[in-house]
1. Over chain B, calculate the relative contact order: mean separation of alpha carbon pairs under 8 Å at least 6 apart, over the residue count, as a percent.
2. Of all the Cα-Cα pairs you can form in chain B, what percent are over 29 Å apart?
3. What ranking, highest mean first, results for peptides B:259-268, B:168-177 when packing means the other Cβ atoms within 10 Å averaged over each residue?
4. From other protein chains only, count the Cβ atoms within 10 Å of every residue's Cβ in B:123-133, then give the mean.
5. Take the alpha carbon gyration tensor of the range A:1-77, find the square roots of its eigenvalues, order them as a ≥ b ≥ c, and report rounded if a/c is under 1.5; if not, report prolate when a/b exceeds b/c, else oblate.
6. Find the relative contact order for the range B:255-335 and round it to a whole percent, using C-alpha pairs within less than 8 Å whose residues are 6+ positions apart.
7. Just from its helices, what would the mean residue ellipticity at 222 nm be for chain A, if runs of 4 or more DSSP H residues each count -39500 (n - 2.57) and the sum is divided by every residue, rounded to the nearest 500 deg cm²/dmol?
8. How far is it, in nm, from the label point at residue B:301 to the one at residue A:132 when both lie 7 Å from their Cα along the line to the Cβ?
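Each value in this text was obtained by applying a stated rule to the coordinates, not by laboratory testing. If you're wondering where the values come from, they're calculated on a predicted model, not measured in any experiment. Positions of Cβ are generated from backbone atoms using ideal geometry, with glycine treated the same way; all protein chains shown enter the neighbour counts.
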């Protein structure tokens, strides 16, 4: 289990570096796909099978296919090569890096490496069923946030349709 | 995870891969034979009795063919694309139970009739196929050819659109069976196959499945009159064979899932044949439907194909899902 985690974690770091290190946009996007698939595998190792499927279908499958689509359509033959980084970008990197490290540090001090286990232990989830427990949580405890999110997505879909229709006219 | 489980899974994986590859080889022969009979001609009959060795001859030919490659290709992605397609196709079969209800007893072990019986069941299939789209798209992108790119755009747009209808047409089954596990779904069909209460959902699934595998009459990505061969125009030899393999294995998988989910899987109306034979028989019948449609129907126009997917199949499968949910809740008396 620990060995498996180490392999996946290394894969995650390498692909995450690939997202910003490759010089051609299509490889950046594919590194992101690899990263999302690795994240899905981490979910699987944590007994979260439903999250694994959702992560692969929604992010690796749907969202990233769209990214790759757009990249391929925008510059099918000659890819843009980015110029050398300007000085200003380093400052953002350092600021957000420090904030992220501080958050991680606070979590580590407060929770320890393994975190705290909630009421849904692997045994409980395996008894009820993974999909069933996620479904129950989403549609009872977290019903309001789920509905608000779905309305938000609906607004986005309607907006996209409106913009597309206006272009046609 | 014990060593025993790992070894068992490995052996089953090898059997499934071997079975799918054999199935692919003979599906090509089956298709050519059936299509020939539908068109009043004998079909391949020179290599071996009834042309039974034809797949082997085809395989040898492709194997020894020199692989020509386009000059402006993206070297890494050009090699990666067929591998993604084939791996995705092979991996989706892992969840399919070919027989049941009990496990197989062999050498004192009880062995399930599936590679894995995961809680997410069919979601595994949907997840794996959504990654398979990358194989097709990258093939078109990496080939550096306009036919390939246009074919890849068409086929990935088609696959993404029909995946929605495909997934949603299966939801009524989950509602009736109360589980996503394919073994539970088949067991729930002991008395009634789900095709009886869910006939519309079955047809929605079948249409979406044919479009998802890019087969006639929805084989727009390979419309040879305008796109040469679509996304695999620039592939030859064994690399082409990999795409060919992925397409036929996907046909087998769509048929297998239809069998398991709607046609009662291993249950037969009479207790004559053992489970795996019933499963195989139903899959072959569905594959025959595939070939039959290809020999019968002309190709659709692309805009009508997308309109059919988004404006007919998608709302219809949503409606089917809602109706099933309402009926099930009403039948339980909680409404």
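1. Working: 480 pairs, mean separation 77.0, N = 335.
Across chain B, relative contact order equals 23 percent.
2. Details: 23201 of 55945 pairs.
In whole percent, the share of Cα-Cα pairs in chain B beyond 29 Å is 41.
3. Details: B:259-268: 24.2, B:168-177: 22.3.
Taking the mean over residues of other Cβ atoms within 10 Å, the ranking is B:259-268, B:168-177.
4. Working: counts 8, 5, 1, 4, 11, 4, 2, 10, 9, 1, 7.
The mean count of partner-chain Cβ atoms within 10 Å per residue comes to 6.
5. On the way: a/c = 5.01, a/b = 1.59, b/c = 3.15.
In terms of gyration-tensor shape, oblate.
6. Working: 26 pairs, mean separation 15.8, N = 81.
Answer for the range B:255-335 is 20 percent.
7. On the way: 8 runs with 123 residues, N = 169.
Calculated mean residue ellipticity at 222 nm is -24000 deg cm²/dmol.
8. Here the answer is 5.0 nm between the modelled labels.
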